[in-house]
Amino acid sequence: MHHFAYKNGSLHCEEVNLSDIAEAYGTPTFVYSKRTILEDLDEFKHAFAAIDAHIAFAVKACSNGAILQLMAQRGCGFDIVSGGELWRVIRAGGNPALCTYAGVAKTEPEIRYAISSGIYCFICESENELREIDRIAAEMGSVAPVAVRVNPNVDAHTHKYITTGTNENKFGIDISRIESLYADIATQMHHLRIRGLQMHIGSQLTEVTPFVMAVEKVAPIVARFKETYGIEFWSIGGGIGIVYDGCLDSGKKEWWDSHPEQITIKSYAKALIPLLKPLGLRILLEPGRRLVGNAAVMLTRCIYEKKGEAKTFKMIDAGMNDIIRPALYEGFHEIHPVREHPAGELIVADVVGPICESGDFQAQNRSLPDVKPGELLAEMSAGAYGFSMSSNYNSRPLAAEVLVDGSSFSLIRRRQTLESLVSDEVLPNS
């Protein structure tokens with residue numbers, strides 16, 4: 001559930017009218033609900049209380065320092081995929097000793113930074129990477145903690161760009177090779193310490209079955225690794241899907257009661273705990289989207305309307321540089337006017353942005369209220385892979401970010417200025 005709802009004819013985040021935020025900080029602006037994030041975080045902890053489970057927030061989903069600080073203050077670790085994300089975590093007060101570092105192409109400077117920072121574990125994705133970390137650790141006079149990402153070859157039935165658990169993906173080591181690779185680490189790579197095993201089969205999964213299949217397939221290997229190598233943890237990754245279609249209604253308990261098939265933190269835990277508990281290991285959970293996805297909207301404003309013979313277009317001041325998911329993943333985001341419109345008065349239109357690309361749209365052939373130029377809109381489910389994937393394409397400054405806490409709100413990222421947009425550029429003849 002989340003805390004976005006119409007109150008007195010206007011869309012609110014918790015107790016704050018979204019129009020007040022737009023007036024204070026302009027548009028486009030990402031608005032996060034602190035209450036939603038903390039409630040979902042608490043639900044994870046309670047759902048997995050029966051086992052030794054630890055949450056490592058996937059920084060790539062939302063990397064704003066205020067959000068990371070919020071996670072760190074609640075005892076979270078972090079799933080990172082770059083040296084830059086590690087730096088952000090440390091800056092926000094996160095503990096590097098609770099960080100797992102994944103990714104297929106870690107550079108030598110990143111590896112050295114992670115070792116010197118004392119991260120909990122490298123999540124390695126190839127034999128070459130393991131040997132490189134071994135070499136660097138030897139040069140540093142250190143022993144690097146490692147786990148390998150096993151690819152269980154389970155089809156997650158999600159979008160082809162965000163599936164990660166089959167043999168055709170770039171991630172991980174084939175399950176048929178994982179045991180021989182661990183034997184090589186133990187006997188040949190003397191500056192590595194085997195600490196655990198990791199898997200992750202994909203993102204935005206909407207049913208429990210693929211998770212169960214993957215855990216059942218890998219669990220016997222985990223048990224053998226505990227016996228042979230004394231591993232401490234098994235990371236089962238993240239990937240729990242959120243509600244995109246039906247998002248505004250999903251803030252109400254009755255919506256969940258009428259959608260029993262929708263995956264929840266509780267149904268995920270109920271299915272997996274019986275499989276995980278007998279192992280007697282620390283289980284790492286790496287939620288990203290599930291903690292922040294439904295916890296934010298992007299505020300934008302309708303600038304123009306254009307009616308043609310084939311289509312009606314609503315032009316907004318946010319573009320694919322602000323949220324790229326619709327263009328990149330064919331991602332669906334509900335779009336609602338901040339000022340509540342009468343029910344049933346809908347038109348069919350494309351909601352498009354200012355970017356000079358035909359792919360710059362946030363919605364196509366969408367039934368929505370007939371908003372007019374000047375009206376505010378809220379693009380829902382914008383907390384994950386929204387701002388974190390934004391860019392300066394078309395020389396557009398990055399949006400502002402705001403955190404709502406009850407009846408108050410605060411700026412957690414200033415809108416980028418034109419001066420800062422070019423601050424790193426050098427004109428040779430100036």
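Rule-based calculations on the coordinates, nothing more; no lab input. Bear in mind the structure is a predicted one, so any value in this text is a computation, not a measurement.
On a 0 to 90° scale, report how tilted helix 34-47 is relative to the longest principal axis of the chain, with both axes built from alpha carbons and the result rounded to the nearest 10. It is inclined by approximately 40 degrees. With both residues required to sit in region 34-293, DSSP beta bridges show an antiparallel share near 5%. For the residues SER82, SER408, SER388, a GNM of the chain with alpha-carbon springs under 10 Å puts the largest fluctuation on SER408. Among ASP322, ASP174, ASP370, the residue with the largest mean-square fluctuation in a Gaussian network model of the chain, with springs joining Cα atoms closer than 10 Å, is ASP370.
Based on C-alpha pairs under 8 angstrom that are at least 6 apart in sequence, the chain has a relative contact order of 20 percent.
Note on region 1-123: the C-alpha convex hull projects to 9.5 nm² when averaged across all orientations. Compactness of region 320-430 is given as radius of gyration and Dmax, 16.7, 60 Å, from Cα positions.
Of LYS60/LYS106; LYS252/LYS306; LYS34/LYS60; LYS60/LYS372, which pairs sit farther than 24 Å apart, going by alpha carbon to alpha carbon? Table pairs above 24 Å Cα-Cα are LYS252/LYS306; LYS60/LYS372. In the chain, the C-alpha radius of gyration followed by the widest Cα-Cα span (Dmax) gives 22.7, 71 angstrom. If the reach is capped at under 12 angstrom between alpha carbons, list the aspartates and glutamates near LYS7, excluding any in the same chain fewer than eight residues apart. Correct list for LYS7: GLU15, GLU340. Picking from ARG193, ARG88, ARG74, which is most flexible by a Gaussian network model of the chain using Cα springs under 10 Å? Comparing ARG193, ARG88, ARG74 in a Gaussian network model of the chain, the most mobile one is ARG74. Computed from Cα positions, the angle between helix 108-117 and the longest principal axis of the chain comes to roughly 80 degrees.
Hey, any idea what Rg/Rh is for region 322-371, computing Rh the Kirkwood way over Cα pairs? Kindly include the intermediate steps, with their values, before the conclusion.
Values: Rg = 11.8 Å, Rh = 11.8 Å.
Reported Rg/Rh, Kirkwood definition of Rh: 0.99.
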